[in-house]
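Asks: Following this message is one structure expressed as structure tokens.
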Amino acid sequence: MVLSPKPWHPTALVLLCAADLLVMLDGTVVTVALPAIERDLGTSRADLQWVVTAYTLTLGAFMLVGGRVGDLYGRRRALVVGLVVFGAASGMAGLARDTGLLLAMRAVQGLGAGLAVPAALALLAATYREERERQRALGYLSATLDVGMVAGLVVGGASSPLRSVGRGAFSSSYRSVSCQQR
């Protein structure tokens, strides 16, 4: 009996890459929106730095915790909960009328991302067990993260003349997560 190699799972790869793309994109799209946030919410220059830092700090702080949560409660569950938290916080950030709520929701976005990112990576490693396939999948994931960093700046810049960038930056993340949950 000849065993065929494990099949390539493109759907799983696309979904896991999309989750990480969304997280990375949101980290950079807000950078271009900072002048609009300053204007629309009356945010001080000192607080503008926290709009970016609140997200990245909580993302970094919760990645190890998120990995452990995935180990204890299931990686898929951690990914879904992380994306739901991330999406809900994005929606609330888009509706924020003051800097305090915006900063709090950016921190909650980071928490959601801190759950989703390690879960996505662990699911990818579990899905592609053969070394060659896993390396290929990790290459696609790495490229997706790079695209997300650049795309966030492009999307943020392109959306600035169309609407209030501060609200648009967050609500686009919310819409993307809502579509992924269906």
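Asks: Which one of Gly100, Gly60, Gly70, Gly94 is at negative phi, within 13 Å of the chain's Cα centre (by Cα) and in a helix (DSSP H, G or I)?
Replies: Only one candidate passes the filter, namely Gly60.
Asks: Given the criteria over 29 Å from Leu15 (Cβ atoms), hydrophobic (A, V, I, L, M, F, W, C) and over 13 Å from the mean Cα position of the chain (by Cα), does Ala46 qualify?
Replies: For Ala46, the condition - over 29 Å from Leu15 (Cβ atoms), hydrophobic (A, V, I, L, M, F, W, C) and over 13 Å from the mean Cα position of the chain (by Cα) - is met.
Asks: Only one of these conditions is not met by Val51: (1) in contact (Cβ under 8 Å) with a residue 60 or more places away in the chain; (2) among the hydrophobic types (A, V, I, L, M, F, W, C); (3) buried (at least 21 other Cβ atoms within 10 Å of the Cβ). Which number is it?
Replies: Looking at each condition in turn, Val51 falls short on (1).
Asks: Taking the residues in the range 83-101 that are under 15 Å from Val117 (Cβ atoms) and among the β-branched types (Val, Ile, Thr) as candidates, determine which candidate is surrounded by the most Cβ atoms within 10 Å (Cβ to Cβ).
Replies: By that ranking, first place goes to Val85.
Asks: Going by the structure shown, is Leu145 out of contact with any Ser or Thr (no Cβ under 6 Å at 6 or more places or on another chain), surrounded by fewer than 19 Cβ atoms within 10 Å (Cβ to Cβ) and free of Cβ contacts under 8 Å to residues at least 40 places away in the same chain?
Replies: It is false that Leu145 is out of contact with any Ser or Thr (no Cβ under 6 Å at 6 or more places or on another chain), surrounded by fewer than 19 Cβ atoms within 10 Å (Cβ to Cβ) and free of Cβ contacts under 8 Å to residues at least 40 places away in the same chain.
Asks: Can you confirm whether the range 41-50 contains a residue that is among the acidic types (Asp, Glu), modelled with pLDDT under 95 and within 20 Å of Gly152 (Cβ to Cβ)?
Replies: no
Asks: Give me the pairs: first residue in the range 68-80 and closer than 12 Å to Leu121 by Cβ, second residue β-branched (Val, Ile, Thr), beta-carbon distance under 7 Å, and six or more apart or on different chains, which are they?
Replies: Pairs found: Ala78/Val69.
Asks: Of all residues in the range 10-23, which are farther than 17 Å from Val51 by Cβ and either crowded, with 19+ Cβ neighbours inside 10 Å or within 16 Å of the chain's Cα centre (by Cα) (or both)?
Replies: Of everything in the range 10-23, those that are farther than 17 Å from Val51 by Cβ and either crowded, with 19+ Cβ neighbours inside 10 Å or within 16 Å of the chain's Cα centre (by Cα) (or both) turn out to be Leu13, Val14, Leu15, Leu16, Cys17, Ala18, Ala19, Asp20, Leu21, Leu22.
The values are calculated or read from the model by the stated rules, or taken from the named source; none is laboratory data. Just so you know, these numbers come straight off a predicted model, no measurement behind them. Cβ: placed from backbone, ideal geometry, glycine included. Neighbour counts: every protein chain shown.
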